[in-house]
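Okay, so here's the structure we're looking at.
The values are calculated or read from the model by the stated rules, or taken from the named source; none is laboratory data. Only a predicted model underlies this, so the values are computations on that prediction, with no experimental measurement involved. Cβ: placed from backbone, ideal geometry, glycine included. Neighbour counts: every protein chain shown. Keep in mind that these areas ignore ligands, DNA and RNA; they rest on the heavy atoms of the full protein, side chains included. Shrake-Rupley method; radii C 1.70, N 1.55, O 1.52, S 1.80 Å.
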Amino acid sequence: MELRIDRQALVPVVQQIVDALAGWIRQSAVEPGTRLPSIRQLARDNLLSQSSVSEAYERMVAQGVLLSRHGSGFFVAGPLVATHRCADKSGSTTADANSAGLADDLLGMLLLGRGGMPESWRESDDLSYAIRQVSRTDMAGLFNYSPSYGLPVLRQQILKRLQQINIAVDESQVLTTAGATHGLDLIVRALLKPGDCVVVESPGYSNLFKLLRLHGVRLLEVPRTSRGPDVEVLEALLSANNPRALFINSLFHNPTGSSLAPDVAQRILQLAKRHELIIVEDDVYADFQGSAGTRLAAMDAGQSVIYVGSFSKTLSSSLRVGYVVASAAIIARLADMKMITSLGASRFCESVLSSLLVNGAYRKLVQRQRQRLKRDMAATLLVLEDAEWEVFGKPSGGLYIWARPRVHEAAQVRALAHTFGIVLSPGRPSAPVARPATGYALMWLMPVILGRRRFFRPAHYRIDFDRSEND
């Protein structure tokens with residue numbers, strides 16, 4: 001059995017063995033009770049240490065995938081079934097990358113649409129060094145609360161990064177948070193009340209929709225086009241409903257990958273001023289953009305745009321650090337809400353991030369990520385084109401491509417993807433109002449997708465494509 005272990009990858013060898021064996025069991029539909037090669041044989045055939053193979057086997061026994069019989073070896077326990085599932089209207093169950101992304105990984109599965117880097121892309125050396133440095137030299141970072149506005153050194157570094165994308169503010173206008181979601185929660189708590197209505201993009205960030213509903217806020221949806229929100233629909237919504245706020249992704253929109261065009265941005269600012277609309281600009285993918293790009297916060301001389309950023313997408317999802325930029329008055333309100341609800345963010349995480357920003361390690365990290373993203377995006381778009389998938393625009397960066405195949409039934413696509421170890425993120429969770437899925441969010445950056453490219457050549461069915469559906 002050939003496992004194709006990549007010794008240059010950042011993923012540990014043991015985990016690669018687990019993933020490879022899980023993929024073999026799934027794709028080959030291996031019968032329960034099938035005996036696996038002995039530890040010695042699998043190690044010899046793949047030039048691996050017996051201890052690595054043994055650890056991988058034991059890990060799969062603990063996960064219930066394999067059975068160990070003393071003196072006889074290891075056997076397949078049963079069909080490899082995803083552990084996290086969601087039901088569709090037909091009553092069947094299918095794995096969903098949106099829900100799986102917030103839970104434990106499905107064994108050996110490639111989760112598209114979860115909005116984070118694959119493990120093989122993670123770089124731990126600089127992060128480990130920064131953690132050790134804080135542990136050795138910053139006693140306050142280990143034990144104390146962070147200031148209400150955040151560590152001054154971190155806020156100063158954030159100001160420098162904002163200047164690079166033409167957002168001119170001072171330190172009183174920057175508040176650190178425990179990730180972008182924390183920032184959005186503070187904004188909703190402080191500035192909205194139950195019964196208020198807001199405009200959100202469709203498709204859009206599903207967790208934002210849940211957050212708004214949790215606080216009793218009504219959602220009005222504006223279609224997302226390849227150039228940003230449909231401004232004609234937006235103007236009609238503003239005139240008819242008088243909403244309090246607009247929530248928007250300007251660059252590398254989740255899940256379509258599209259970016260805001262300058263003329264659309266200018267029109268949005270004009271409408272916001274006329275209707276006294278709060279704009280909340282979620283820009284968590286900012287560091288994947290090499291150039292300045294088009295941002296409402298950079299174009300807004302009156303400083304009425306609330307800007308939300310994060311370091312979780314690029315550096316670490318566990319190192320929860322984000323920030324909010326707004327007028328000094330709004331930041332003061334958010335800081336009060338932050339202390340009431342959480343007593344502040346993690347000083348340790350902020351100290352670690354500050355170290356990486358000050359010594360230049362973070363800047364070099366995102367440069368490497370941009371290069372890799374650019375290469376893999378081009379390759380994946382070619383694969384989708386060859387397979388005649390319909391792609392919503394052609395993103396220039398970020399983590400998402402919004403696409404759909406020429407197949408009639410969504411369940412058929414998901415089942416086929418599962419055969420190749422891929423969990424798709426269907427379009428339904430990305431819609432503010434429940435409706436049939438019209439596309440799939442493909443987090444294309446994972447290099448493994450190219451190794452599983454057969455999935456993109458499943459069939460040649462024809463479906464009608466209604467451009468007005470905004471998929």
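So which residues in segment 212-228 are closer than 13 Å to residue 432 by Cβ and either touching a helix residue (DSSP H, G or I) at 6+ places or on another chain (Cβ under 6 Å) or in a strand (DSSP E or B) (or both), if there are any at all?
218, 219, 220, 221, 222, 223, 224
Restricted to segment 115-148, and to residues that are surrounded by 20 or more Cβ atoms within 10 Å (Cβ to Cβ) and not polar (S, T, N, Q), which residue is modelled with the lowest pLDDT?
Top of the filtered list is 115.
All but one of (1) over 30 Å from residue 272 (Cα atoms); (2) touching a Gly at 6+ places or on another chain (Cβ under 6 Å); (3) crowded, with 23+ Cβ neighbours inside 10 Å hold for residue 402; state the number of the condition that does not hold.
That leaves (1) as the condition not met.
How many residues does segment 29-43 contain that are open to solvent by 50 Å² or more (accessible area, probe 1.4 Å) and either more than 8 Å from residue 76 (Cα to Cα) or touching a Ser or Thr at 6+ places or on another chain (Cβ under 9 Å) (or both)?
4
Would you confirm whether any residue within segment 294-305 is open to solvent by less than 10 Å² (accessible area, probe 1.4 Å) and of a type in the set (Ser, Thr, Tyr)?
Within segment 294-305, not a single residue is open to solvent by less than 10 Å² (accessible area, probe 1.4 Å) and of a type in the set (Ser, Thr, Tyr).
Out of curiosity, is residue 202 under 30 Å from residue 154 (Cα atoms) and modelled with pLDDT under 95?
no
Looking at this structure, is residue 346 open to solvent by 10 Å² or more (accessible area, probe 1.4 Å), under 16 Å from the mean Cα position of the chain (by Cα) and farther than 21 Å from residue 173 by Cβ?
no
Any idea which of (1) over 22 Å from residue 296 (Cβ atoms); (2) assigned to a strand (DSSP E or B) is the one residue 199 doesn't satisfy?
Tallying (1) over 22 Å from residue 296 (Cβ atoms); (2) assigned to a strand (DSSP E or B), residue 199 fails exactly one: (1).
So which residues in segment 369-389 are closer than 27 Å to residue 161 by Cα and in contact (Cβ under 8 Å) with a residue 24 or more places away in the chain, if there are any at all?
Matches in segment 369-389: 369, 370, 372, 373, 376, 377.
Looking at this structure, is residue 181 among the β-branched types (Val, Ile, Thr) and crowded, with 22+ Cβ neighbours inside 10 Å?
no
Quick one: which helices (runs of 4 or more DSSP H) lie wholly within segment 231-323 and hold at least 1 residues that are more than 30 Å from residue 347 (Cα to Cα) and among the acidic types (Asp, Glu)?
Result: 231-241, 262-275.
Restricted to segment 1-15, and to residues that are outside any loop (DSSP other than H, G, I, E, B) and open to solvent by 30 Å² or more (accessible area, probe 1.4 Å), which residue is nearest to residue 60 (Cα to Cα)?
Per the stated criteria, the residue is 15.
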